[in-house]
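One structure is given below, encoded as structure tokens.
The values are calculated or read from the model by the stated rules, or taken from the named source; none is laboratory data. Given the structure is predicted, the values throughout are model-derived calculations rather than measurements. Positions of Cβ are backbone-derived with ideal geometry, glycine not excepted, and every protein chain shown enters the neighbour counts.
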Amino acid sequence: MVPIFKEQVKYTNENLHNLIFTNNDTYIITSAVNKELKRIFKEELNVNPINISSHCLRHTYGTRCIEAGMTAVVLQRLMGHKDVTVTLNTYTSVFNKFKEDELEKVNNYLNNNQLNFVNCSN
């Protein structure tokens, strides 16, 4: 989407009546976007918009990416986090859930194949 936004920003700078980035010849601020999101959820979708914000939608997107199996490094780049630890710390609970699911797969495999866990650290 970066090329699309770059094109939109260029267009906005040349033509201040752009509907995406400006409102009355000024850039739209986050609070205006969040206010409109709340209105849409309330009036159009009949959903209580108390916790709806652009940040909430961003976090939901990140969570769904992890649930779909996306690695932390790829998500880090998509979310624009400078360091992967930001991504890991932000989505710790989601990653932990998947860790438990993956460990369960290993336990089921070991049990179904009557295999014992071997400690290789000795």
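Being under 22 Å from the mean Cα position of the chain (by Cα), exposed (fewer than 14 other Cβ atoms within 10 Å of the Cβ), at pLDDT 75 or above and among the polar types (S, T, N, Q) is a condition met by at least one residue of segment 31-39. The residue that is surrounded by the fewest Cβ atoms within 10 Å (Cβ to Cβ), among those in segment 71-95 that are touching a helix residue (DSSP H, G or I) at 6+ places or on another chain (Cβ under 8 Å) and not in a helix (DSSP H, G or I), is Asp83.
Report yes if some residue within segment 54-62 is of a type in the set (A, V, I, L, M), at pLDDT 90 or above and either touching a His at 6+ places or on another chain (Cβ under 7 Å) or more than 20 Å from Asp101 (Cα to Cα) (or both); otherwise report no. No.
Answer yes or no: is there a residue in segment 38-49 that is touching a Cys at 6+ places or on another chain (Cβ under 8 Å), closer than 30 Å to Val2 by Cβ and aliphatic (A, V, I, L, M). No; the residues of segment 38-49 include none that is touching a Cys at 6+ places or on another chain (Cβ under 8 Å), closer than 30 Å to Val2 by Cβ and aliphatic (A, V, I, L, M).
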